[in-house]
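Notes for the one structure printed next.
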There are 2 protein chains.
Amino acid sequence: MLSCTRIGCCPSPLPDSPHIMLSPAVLAAFRQVLGEDRVFADDATCALYAHDETPRHCTPEAVLFPDSHAAVVELVRVACAHRVALTLRGAGSGNVGGAVPSPGSVVVSFECMQRVLEFDPDNRLIVVEAGVVTAEVDRIAREAGLFYPPDPGSSLYSQIGGNLAMNAAGPRAVKYGTTRDYVLGLRAVTGSGDEIRTGCRTTKGVTGLDLTRLLVGSEGTLALITEATLKLLPAPEAVASLRLCYADNRSALDAVGRVMRQPVMPRALEFMDQRAIEAIRPSGAASDLPAGTRALLMVEADGTADGLAQQTDALIAALEGAGCLEIRRAFDAAEIARLWLARKSLSHAIKQFAPLKINEDVVVPVTQLAGFVDFVDALAHTQRLPIVSFGHAGNGNLHVNLMVHPDDAEEMARTRASLDAIMDRVLALGGTLSGEHGIGTEKRRFLDREIDPPTLALMRAIKQQFDPQGLLNPGKLFPDPTH
Amino acid sequence: MLSCTRIGCCPSPLPDSPHIMLSPAVLAAFRQVLGEDRVFADDATCALYAHDETPRHCTPEAVLFPDSHAAVVELVRVACAHRVALTLRGAGSGNVGGAVPSPGSVVVSFECMQRVLEFDPDNRLIVVEAGVVTAEVDRIAREAGLFYPPDPGSSLYSQIGGNLAMNAAGPRAVKYGTTRDYVLGLRAVTGSGDEIRTGCRTTKGVTGLDLTRLLVGSEGTLALITEATLKLLPAPEAVASLRLCYADNRSALDAVGRVMRQPVMPRALEFMDQRAIEAIRPSGAASDLPAGTRALLMVEADGTADGLAQQTDALIAALEGAGCLEIRRAFDAAEIARLWLARKSLSHAIKQFAPLKINEDVVVPVTQLAGFVDFVDALAHTQRLPIVSFGHAGNGNLHVNLMVHPDDAEEMARTRASLDAIMDRVLALGGTLSGEHGIGTEKRRFLDREIDPPTLALMRAIKQQFDPQGLLNPGKLFPDPTH
């Protein structure tokens with residue numbers, strides 16, 4: 001049974017999967033290699049695995065729960081023999097449909113692969129199975145005075161495998177980079193069922209082609225990552241947070257530019273526009289903002305306890321200026337939590353504007369941020385859509401949230417036109433379609449606006465080498481060849 | 001005319017190039033697209049381009065000097081039409097034969113592509129042609145208060161294209177990472193003559209497969225990189241250096257382990273063993289070392305001027321301990337230069353031991369360094385070879401230099417056996433064959449000891465997609481399929 005919902009803004013809701021429906025014999029073959037209790041095909045289970053964070057959904061034919069690398073090898077071999085498409089799934093916390101089942105596919109869930117295989121603090125590394133929760137890696141690291149820098153918003157439940165597939169990031173990327181920068185090596189199974197090991201266990205290594213980083217961000221289209229060797233860093237001694245209120249977007253984003261022109265690297269540099277502030281007012285999280293606040297920056301610094309005040313002084317010197325209405329600083333955990341309350345409550349709060357949030361995590365050069373936000377505001381006005389912009393301004397990575405009613409065809413047409421205009425403007429400004437969410441099903445129609453035909457042809461050719469039958473996440477990342 | 005020298009330790013001195021010798025018609029075709037003055041086939045020019053830093057040499061059929069991306073496209077199309085192998089060359093400063101011409105090949109030199117296409121300090125990026133010298137990128141960046149972190153030993157003459165091809169690094173990698181971490185995007189020409197653009201201009205981007213990092217470290221086997229968009233960082237305000245003398249290797253390397261277990265990240269953490277110290281004595285560079293010094297660490301920290309003393313205090317606390325004989329610190333440029341004199345004079349100085357230096361830049365986990373250096377010392381003793389070990393200890397990346405007489409067949413047999421033993425030990429300890437030099441011709445016979453058959457098969461399959469005729473750097477990186 002297929003039930004793919006068309007959200008209206010994507011011309012290709014049914015991914016290009018050429019594969020057969022699941023027969024009882026195939027189900028039996030999966031059960032034979034994985035065990036009865038690791039293969040579910042009942043309606044209730046299948047319904048649970050039909051979604052990710054997008055409104056799209058599609059019920060899979062079955063859900064597999066392998067509990068080891070060896071089990072993944074076995075299940076892929078069954079899938080190959082029977083030409084069954086596989087949809088790879090971490091926690092389902094993605095924003096671009098990456099974990100929404102392809103029609104006729106079987107979901108491979110990694111939630112029974114949560115072993116920490118090795119923790120070696122002296123060499124600053126940890127080896128984990130793909131299903132380990134992101135925050136758990138960080139928690140273990142901190143017990144030994146280390147930390148795992150990538151901090152996607154979903155880190156309390158997202159899994160390392162999903163983070164690797166999408167090259168997840170978060171606020172700390174401005175100082176520490178993204179998931180890609182913390183992967184030393186991978187163990188994986190290709191779409192042919194071949195077992196591969198990429199990379200190494202050391203912080204330097206140039207032995208052969210860099211398949212590690214090729215797999216990171218490949219959205220499960222090349223291989224099933226089963227184990228990862230992750231790099232850890234020494235945990236900073238102390239953290240300080242600043243909350244800055246501005247009279248308008250331009251004042252706030254000019255301040256972002258000034259921060260990025262001076263030497264102290266903040267570990268977070270987050271922006272919220274006026275609509276984002278409005279969104280959090282009902283919850284009380286904006287009650288202490290000074291009158292006239294129309295944009296907010298959240299800035300964090302980390303380092304040695306002694307050096308932190310000096311760092312925040314330098315950051316404040318860059319952040320204050322025309323339009324800056326108030327600066328608050330916090331050095332202890334409770335104060336920091338209070339300052340971040342507004343930012344953290346945002347993703348949920350904006351749903352008050354409309355039932356469907358289309359969250360585009362576009363990136364523009366930092367110097368283009370103010371002009372781009374002006375453009376988005378003008379677009380919101382002309383297209384009569386609430387658009388909420390916030391995000392990781394230090395990387396130029398904004399979350400532009402179009403709040404829409406999916407059942408309103410006329411509004412959805414304006415939404416589609418707005419998305420088109422946003423993507424074109426992003427690319428015209430020298431930006432990129434996605435900073436951390438990836439392409440999935442939701443952005444594949446835009447991909448060829450950024451990537452030229454020969455480069456895209458090479459990506460397809462590489463896909464063909466890893467997954468000749470096209471069984472892994474069909475309909476994700478690559479543009480629909482029939483369009 | 002071919003003149004490939006067999007150094008004795010590589011079973012495949014003649015790379016597996018199936019291509020024809022250059023005819024006058026082919027030369028004319030290159031001249032037609034590049035211009036008369038950009039194609040040299042005279043003996044003197046060809047002899048100049050027969051070498052890199054290895055003793056291996058092979059005279060190319062011609063040397064091409066394209067002056068633009070468009071010229072590179074044209075020359076590759078001629079090469080494709082006539083099935084002419086191309087050897088890509090930066091400054092020829094590589095250590096693994098990567099720029100030594102494949103027999104019958106034409107060298108493509110990037111030295112006439114030294115334009116800085118764009119410098120955008122506000123967005124912390126620079127766009128350069130492949131032939132721009134590494135140090136020049138850093139110099140330009142510093143004029144705007146930024147810097148380019150990768151610092152290979154050859155940075156005064158090495159070119160960005162070569163750095164990208166090999167994923168070059170240097171002492172600062174322990175804090176700042178390698179070339180791979182500073183590439184935002186690339187423009188390149190595949191072995192089919194297709195023009196591709198990879199990556200983006202922003203510090204975040206997950207749009208399509210990561211071909212940028214696939215090309216970095218691919219040793220010119222996939223594409224000719226013509227232009228690179230590089231990420232810059234704010235220049236640290238101040239730098240401090242420490243020189244530490246130890247009674248033996250183990251004391252020094254135990255100190256390295258202690259440094260890597262505390263939070264202050266040095267920006268360099270360099271080790272020199274007893275033979276390395278002996279090597280620099282004749283030059284006077286070791287004249288001020290205390291009696292009994294048998295190992296040396298050079299440690300550098302950078303940061304704010306105010307915070308630096310605190311950083312060095314923390315580092316000294318980790319570095320002192322059993323076997324530490326003396327600690328010197330320097331905060332001004334002249335003092336720092338004096339302390340680094342010993343380290344910098346080393347690469348040249350060790351040639352006094354024997355005419356040929358075989359420099360293996362292996363990596364082991366930091367905790368295995370002391371044991372590995374003990375192993376190398378024992379091997380030097382049993383095999384009666386001077387072996388000098390020094391390098392980037394913070395990354396576990398040692399330069400193990402076997403000093404040999406290439407005309408002494410019996411000694412070369414012992415050398416070969418020693419290399420075998422070293423590589424096997426490195427891999428047994430969880431290390432990797434190369435930290436920053438790459439594989440080239442010199443290490444390809446070891447590659448399949450580290451990389452398993454299915455992973456290597458995928459690398460070959462990717463190569464096939466980028467370069468179906470096998471024209472780019474044949475005989476480099478990949479193991480000889482006939483062995």
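List of remarks:
- For the stretch A:403-439 versus the stretch B:220-259, the gap between their alpha-carbon centres in whole angstrom: 42
- For A:168-177, mean number of other protein chain Cβ atoms within 10 Å: 1
- More than 19 Å apart - percent of Cα-Cα pairs taken over the stretch B:26-158: 54
- Calculated from backbone phi, Karplus (6.51, -1.76, 1.60) coupling profile of the stretch B:231-248 in Hz, x at Gly/Pro: 8, 10, 10, x, 5, x, 5, 8, 10, 10, 10, 10, 10, 10, 9, 10, 6, 7
- Amide H partners (placed H, <5 Å) of B:Glu326, local residues excluded: B:Cys245
- In terms of accessible area, using a 1.4 Å probe and ignoring ligands and nucleic acids, B:Lys476, A:Lys231 rank largest first as A:Lys231, B:Lys476.
- Solvent-accessible area, 1.4 Å probe, carbon plus sulfur percent, for chain B: 52
- Cα long-axis angle, helix A:369-382 against chain A (0 to 90 degrees, to the nearest 10): 80
- Dipole of the stretch B:238-344 computed with +1 at Lys/Arg Cβ and -1 at Asp/Glu Cβ about the Cα centre; of B:Gly303, B:Ala240, B:Pro290, farthest Cα towards the positive end is B:Pro290.
- Efficiency of FRET between B:Ala421 and A:Glu335 - r from beta-carbon atoms, R0 56 angstrom, step 0.05: 0.45
- Dipole magnitude of the protein assembly as shown about its Cα centre (Cβ charges: Lys, Arg +1; Asp, Glu -1), debye to nearest 20: 220
- Estimated buried accessible area (total), pair A and B, 1.4 Å, Å² to nearest 100: 6200
- Prolate/oblate/rounded label for the stretch B:347-438 (Cα gyration tensor, a/c 1.5): prolate
- By the compact-protein rule of thumb, 2.2 N^0.38 Å, the alpha-carbon radius of gyration of the stretch A:116-234 corresponds to a ratio of 0.97.
- Distance violations [Cα-Cα > 27 Å] among A:Lys357/A:Lys476; A:Lys231/A:Lys351; A:Lys204/B:Lys231: A:Lys231/A:Lys351
- Translational diffusion coefficient (Stokes-Einstein; Kirkwood radius from C-alpha pairs) of chain B at 10 °C, 1.306 mPa s, in µm²/s: 68
- Angle between chain A longest axis and helix A:333-344 axis [Cα atoms, degrees, rounded to 10]: 70
- Among the trypsin sites (Lys or Arg not before Pro) in the stretch A:355-430, those located in a DSSP loop and surrounded by at most 12 other Cβ atoms within 10 Å of their own Cβ are A:Arg384.
- Peptide B:458-468 has a mean of 5 when you count, residue by residue, the C-beta atoms of other protein chains within 10 Å of its C-beta.
- Take the protein assembly as shown with all the other protein chains still there, run a 1.4 Å probe, and you get 33 Å² of accessible area per residue.
- Equivalent ellipsoid semi-axes - Cα gyration tensor, the stretch B:238-344, angstrom: 22, 17, 10
- The residues A:Arg213, B:Arg329, sorted by heavy-atom accessible surface at 1.4 Å with ligands and nucleic acids left out, run B:Arg329, A:Arg213 from largest to smallest.
- Cut-off under 5 Å, modelled amide H: who pairs with A:Leu88 long-range: A:Val108, A:Asn473
- Distance from the alpha carbon centroid of the stretch A:443-477 to that of the stretch A:305-327 works out to 45 angstrom.
- Label-point separation, B:Leu117 to B:Gln310 (7 Å along Cα→Cβ), nm: 4.3
- The stretch A:272-294 and the stretch A:347-364: distance between their alpha carbon centers, rounded to Å: 16
- In degrees, nearest ten, helix A:69-82 long axis to first principal axis of chain A (Cα): 60
- Rg and Dmax of the protein assembly as shown, Cα atoms only, in Å: 28.1, 85
- Partner shielding of B:262-271 amounts to 2, given as the average count of beta-carbon atoms from other chains within 10 Å of each residue beta-carbon.
- Listed residues B:Asp480, A:Asp122 arranged by accessible area, highest first, probe 1.4 Å: A:Asp122, B:Asp480
- Highest to lowest packing among A:98-109, A:463-474, scored as the average C-beta count within 10 Å: A:98-109, A:463-474
The values are calculated or read from the model by the stated rules, or taken from the named source; none is laboratory data. Keep in mind that what you see is a predicted model, and the values were worked out from it rather than measured. Here Cβ is always computed from backbone atoms with ideal geometry, including for glycine, and neighbour counts include all displayed protein chains. Remember, those area values only see protein heavy atoms, side chains included, never the ligands or the DNA or RNA. Shrake-Rupley method; radii C 1.70, N 1.55, O 1.52, S 1.80 Å.
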